[in-house]
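Undergrad: Below is the structure I would like to discuss, written out as C-alpha cells.
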Amino acid sequence: MRQGLRKIDAAWAGLLWLGMAIASVYIGLIMVAIIYITTFRFFGAAYNIYTTSFIEYGFVYIMFLGSPWMVRNRAHVFIEMLTAAVSPRVRDYLSRIIAFAAAAVCLIWAWYTWTIFLEQFEDTMRFDELRAQLDIRLWVTTIAFPIGFFAMGVEFARFIFTAQTMHVGLAGVANERVELEETKRDLLGDF
Amino acid sequence: MQWYWILTALLGSTLTLMFVGVPVGIAFILVNTVAAFILFGRFSGFDANMFAGISQLTDNAFANMAIFAIVPIPMFLLMGELFFHTGLAGRMFNAVENLMGRAPARLSYVTVAGGTAFATLSGSSMGSTALLGTLMVPEMTARGYKKSMSIGPILGTGGLAMLIPPSALAVLLGTLAELDIGKLLIAGIVPGLILALMYIVLIYVRTIIDPDAAPVYEVQWISWRRRGKMFFADVVPMVSVIIFVILLIMFGVATPSESAAYGSLGVILLSLIYLFLVPLLTGNMERVRAFWPEFRVALWKSMWGAGRVTIIALMILFGSSLFSNVLAASGASVKLIEWVTSFDVSGLVMLLIMFGILLLLGMFMDQLAMMLLTVPIFFPIMAGIDFGMGAERQVIWFAVIMLLAMEISFTTPPFGLLLFVMQGVAPPGTKFSEICLAAIPFMACAMLLVALILAFPPLVTWLPFLTG
C-alpha cells in the first residue's frame with residue numbers, strides 16, 4: 001500500500017516537474033517567436049498570424065503549468081513573519097490551517113472554472129472575441145484554469161497531511177530562500 | 001455597503017492573510033472571490049452566485065494576462081539568466097574586480113557594481129542581498145573591512161537595481177500600471193547614474209575620513225595593457241548588449257518586447273563567441289568539446305530560472321487583475337479618488353502620504369506584493385492630481401519615485417525586510433544594530449535622490465521624452 005502510494009507520488013511529482021519544464025521551454029519559444037515575427041516583418045514577409053496568439057495565450061498556460069510545481073517546492077511568495085515568531089507547535093497548526101484554506105480556494109476555483117470550461121466546450125459557436133479574426137474556440141482560453149487550480153489544490157492539501165509543513169519559521173519571504181539556494185549553487189558551481 | 005467599508009474590508013483582510021503567511025497570490029484570490037461572490041452574484045443560491053463571480057473574474061483575468069505587453073517581463077528575465085548561466089556575468093564581475101587594482105575599498109566598489117548587475121537582471125534585490133551577503137561579506141570581513149563598508153554597499157545596490165534598465169521590477173510595474181515600459185526603463189537611467197555616483201562618492205569619502213574602514217591590501221599587479229585588453233574583452237561586449245537594448249527602445253527602433261528578445265539573442269550569440277568561437281580559433285579543443293554540454297545546461301537553467309520568476313510575476317498579475325476588477329465593480333476606486341482629491345492639500349503632500357504608505361508596507365512585504373496592493377489605488381489617484389508637467393510625464397515620474405520608495409522601505413530600520421535577510425546571511429556575530437547603521441548612509445543617498453527628483457522632475461522625464 002505504502003509502496004503503491006510512493007509510486008503514485010513519484011509519478012505525480014514527475015508530472016508537476018514536466019509542467020514546470022514545459023512552462024520554462026515555452027519562455028524560450030516566446031523569444032524565438034518574437035524574433036521570427038520581428039525579422040519577417042522587417043523584411044516585409046508574411047508571418048503566421050497564430051504566432052501572436054501563441055505568445056499571448058502562453059502566459060496563462062505558463063502560469064498554470066508551472067504553479068503546482070512552485071507550490072510543491074514552496075517557491076510561491078509568502079511572508080514568514082508571524083509563523084517565525086510563534087512556537088514550533090503553534091506554527092505547525094497555523095501552517096496546516098493556511099494550507100487548508102489555500103487548498104480549499106484552489107479546489108473551489110478548479111470546480112467552477114471546470115464548469116465554465118465545459119459550458120464553453122459544449123457551445124461550438126463561442127469564440128475568443130478579442131481575437132475574432134482567428135476563430136479560436138473560447139474553451140481554449142479557460143482550459144488551463146481548472147487543471148492548474150486542481151493541481152495547486154492537491155499540492156496545498158499535501159501540506160495539511162504530510163509531515164512537511166509549508167512554513168519553516170525562518171523570517172523573510174519564502175521564495176527568495178529557494179532562489180538564493182539555487183543561485184548560490186549555480187554560481188559556485190559555474191565559476 | 002459604503003465604499004470605504006468595502007475598501008477597508010478588502011485591504012484589511014488581504015493584509016491580514018498575508019501577515020499570517022497565506023501565499024500572496026492565494027490571499028488575493030481568496031479575498032476577491034468572496035468579494036466577487038457578493039458583488040457579481042445577483043442570482044438565488046450559492047452555486048449560481050459563485051459561478052457568476054468566478055466567471056466574471058476568469059474572463060477579466062484572461063483578458064489582462066493574455067496580452068503582448070507582458071512579453072518584456074520573461075524576456076528581460078531570460079536575458080539576465082543567460083548572462084549568469086553562460087558565465088558572461090562572472091567574466092565581467094572578475095574583470096571589474098581586476099580593473100580596480102589597489103584602490104582603497106575596491107571590494108566595496110566591486111560589490112556596488114556586481115550587486116547592481118545581479119539585482120537588475122534578476123529583478124530581486126532580496127536575492128541579491130542574500131547572495132552578496134553570503135559571498136562578499138566574509139571576504140571583506142577577512143580583509144579588515146568594517147561593517148559599514150561591507151554590508152552598507154550591498155544594502156544600497158537594491159535601489160540602483162530598481163532604476164537601471166533592464167530592471168525587471170520596473171517592467172512589472174509598467175505592466176501593472178499600464179505605462180509605456182520603454183519610457184519607464186529609460187526614465188531610470190539618469191536617477192540611476194546619480195545614485196551610483198552618490199554611492200561611489202560616499203564610499204570614497206568614508207575611506208578618506210576613516211582609512212581603516214577599508215584597509216588597502218596587496219593584490220597581484222596587472223599591467224595597464226592587460227587591463228585594457230580585459231576591459232575590451234570582458235566588459236565592453238556585455239555592456240554593449242544592454243546599451244544596444246536601451247538604444248533600440250529609446251529611439252523607437254523596436255518595442256521593449258522586441259528589444260528584450262533581441263537582447264536575449266545577443267547574449268546567446270556572445271556566449272557562442274566566448275565559449276565556442278574563441279576556443280576554436282585559439283585551438284583549445286578541450287573547451288570546444290566542452291561547449292555543447294555546458295551551453296545546453298546554461299540554456300536550460302536560464303529558461304528554468306526565467307520561468308520560475310515569470311510564474312511568480314504572472315500570479316501577481318492574476319491577483320492584481322482580480323483586485324482591480326473588484327475595486328472597479330464595487331465603485332471603491334472611483335469614490336476613493338473623489339474623496340482623496342476633495343481634500344484641500346497639495347499634490348506634493350498627497351504624494352508624500354503615498355510615499356509614507358510604501359515605506360510602511362516595505363516593512364513586511366516584498367515589492368511584488370506592494371505593487372499588487374498599491375498600483376490599482378495609487379495610479380488613479382495620481383491621475384487626478386496635476387503637477388503641471390503633463391499626464392504622460394507625470395505617471396512616469398511617479399513610477400520612478402514609487403520604485404525608489406519601495407526599495408528604501410526595504411532597508412528602513414528597524415523593520416526593513418532586507419535588514420533581516422542580511423542578518424540571516426551575514427557572518428556569525430554580526431549585530432542587527434551594525435546592519436542598521438551600515439544601511440543608513442546608503443538609504444540617505446536614496447532619500448536625497450527622491451528629494452532631487454521631487455525638486456527637479458526633468459531628472460526623470462527629460463531622457464525618455466527626448467526622442468518624442
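Values quoted throughout were computed directly from the atomic coordinates according to the rules given, and no laboratory measurement underlies them. Just so we're clear, the structure is a prediction, and the values are computed from it rather than from any experiment. Cβ atoms come from the backbone with ideal geometry, glycine included; neighbour counts cover every protein chain shown.
Undergrad: Suppose we flag trypsin sites (Lys or Arg not before Pro) only when DSSP calls them loop and at most 13 other Cβ atoms lie within 10 Å. Which is the longest uninterrupted stretch of chain B?
TA: Here the longest segment lacking exposed loop sites spans B:103-430.
Undergrad: Quick check on the exposure proxy: order A:Tyr50, B:Tyr274 from fewest to most C-beta atoms within 10 angstrom. Each step should come with its number before you reach the end.
TA: Values: A:Tyr50 13, B:Tyr274 20.
Taking fewest neighbouring Cβ atoms as first place, the list is A:Tyr50, B:Tyr274.
Undergrad: Please get the size of the charge dipole for the protein assembly as shown, origin at its Cα centre, with Cβ charges of +1 on Lys and Arg and -1 on Asp and Glu, quoted in debye to the nearest 20.
TA: 1560
Undergrad: Please work out the FRET efficiency for the pair B:Met285 and B:Tyr4, using the Cβ-Cβ distance as r and a Förster radius of 56 Å; give the result to the nearest 0.05.
TA: 0.20
Undergrad: Rank these for me by crowding, A:Thr162, A:Thr83, going from fewest to most other beta carbons within 10 Å.
TA: Values: A:Thr162 11, A:Thr83 26.
Ordered by Cβ neighbours within 10 Å, fewest first: A:Thr162, A:Thr83.
Undergrad: Relative contact order of segment B:158-244, please, whole-number percent, based on alpha carbon pairs below 8 angstrom and at least 6 residues apart.
TA: 24
Undergrad: While we're looking at this one, here's another question. Would you mind working out the magnitude of the charge dipole of segment B:268-418 relative to its Cα centre, with +1 at each Lys and Arg C-beta and -1 at each Asp and Glu C-beta, to the nearest 20 Debye?
TA: Value, rounded to 20: 640 debye.
Undergrad: I've got another one for you. Loop only per DSSP, at most 16 neighbouring Cβ atoms within 10 Å: give me the chymotrypsin sites (Phe, Trp or Tyr not before Pro) in segment B:40-109, ordered by residue number. Before the final figure, lay out each step's value.
TA: Details: sites: B:Phe40, B:Phe43, B:Phe46, B:Phe51, B:Phe62, B:Phe68, B:Phe76, B:Phe83, B:Phe84, B:Phe93, B:Tyr109; in loops: B:Phe43.
Loop-located and lightly packed - B:Phe43.
Undergrad: Taking each residue of A:54-60 in turn, how many C-beta atoms of other protein chains fall within 10 Å of its C-beta, and what is the average?
TA: Mean inter-chain Cβ contacts per residue within 10 Å come to 6.
Undergrad: Return the lysines within reach of A:Lys7: Cα separation strictly under 16 angstrom, same-chain partners fewer than 8 residues apart disregarded; answer none if there are no such residues.
TA: none
Undergrad: Still on this structure, please answer the following. Relative to a virtual label point 7 Å from the Cα of B:Ala233 in the Cα→beta-carbon direction, which members of segment B:267-296 show backbone nitrogen distances below 17 Å?
TA: The answer is B:270-288.
Undergrad: In straight Cα distance, which aspartates and glutamates are under 17 Å from B:Lys183, not counting same-chain residues fewer than 8 positions off?
TA: Cross-link targets: B:Glu258, B:Glu392.
Undergrad: Give, rounded to the nearest 20 debye, the magnitude of the charge dipole that chain B has about its Cα centre when Lys and Arg contribute +1 at Cβ and Asp and Glu contribute -1 at Cβ.
TA: 1200
Undergrad: Relative contact order of segment B:191-294, please, whole-number percent, based on alpha carbon pairs below 8 angstrom and at least 6 residues apart.
TA: That works out to 14 percent.
Undergrad: To continue, here is another question. Simple spin-label model, 7 Å along Cα-to-Cβ: A:Asp123 to A:Arg137 in nm?
TA: Inter-label distance under the simple model: 1.4 nm.
Undergrad: How would segment B:232-332 be classified by its alpha-carbon gyration tensor: rounded, prolate or oblate, with rounded meaning a/c under 1.5 and the a/b versus b/c comparison settling the rest?
TA: Because a/c hits 1.5 or more and a/b fails to exceed b/c, segment B:232-332 counts as oblate.
Undergrad: At a Förster distance of 25 Å, what's the computed FRET efficiency of B:Val216 paired with B:Asn94, Cβ-Cβ distance as r, to 0.05?
TA: On the way: r = 20 Å, r/R0 = 0.80.
With R0 = 25 Å, the Cβ-Cβ based efficiency is 0.80.
Undergrad: Find, among the chymotrypsin sites (Phe, Trp or Tyr not before Pro) in segment B:176-225, those assigned to loop by DSSP (not H, G, I, E, B) with at most 14 other beta-carbon atoms within 10 angstrom. Don't skip to the answer; put the middle values down first.
TA: Working: sites: B:Tyr199, B:Tyr204, B:Tyr217, B:Trp221, B:Trp224; in loops: B:Tyr217, B:Trp221.
Sites meeting the loop and neighbour criteria: B:Tyr217, B:Trp221.
Undergrad: For the protein assembly as shown, go through all pairs of different Cα atoms, get the mean of 1/r, take its inverse, and jot down that Kirkwood value in Å.
TA: Computed over the protein assembly as shown, the radius equals 25.9 Å.
Undergrad: Compute the Cα gyration tensor for segment B:174-252, then decide on rounded, prolate or oblate, letting a ≥ b ≥ c be the square roots of its eigenvalues: rounded whenever a/c is under 1.5, prolate when a/b is larger than b/c in the other cases, and oblate in all that remain. It would help to have the intermediate numbers written out before the result.
TA: Details: a/c = 4.04, a/b = 1.54, b/c = 2.62.
Oblate is the answer for segment B:174-252, as a/c is 1.5 or above yet b/c matches or exceeds a/b.
Undergrad: Express the relative contact order of chain B as a whole percentage, based on alpha carbon pairs under 8 Å and six or more residues apart in sequence.
TA: Normalised by residue count, the contact order of chain B is 25 percent.
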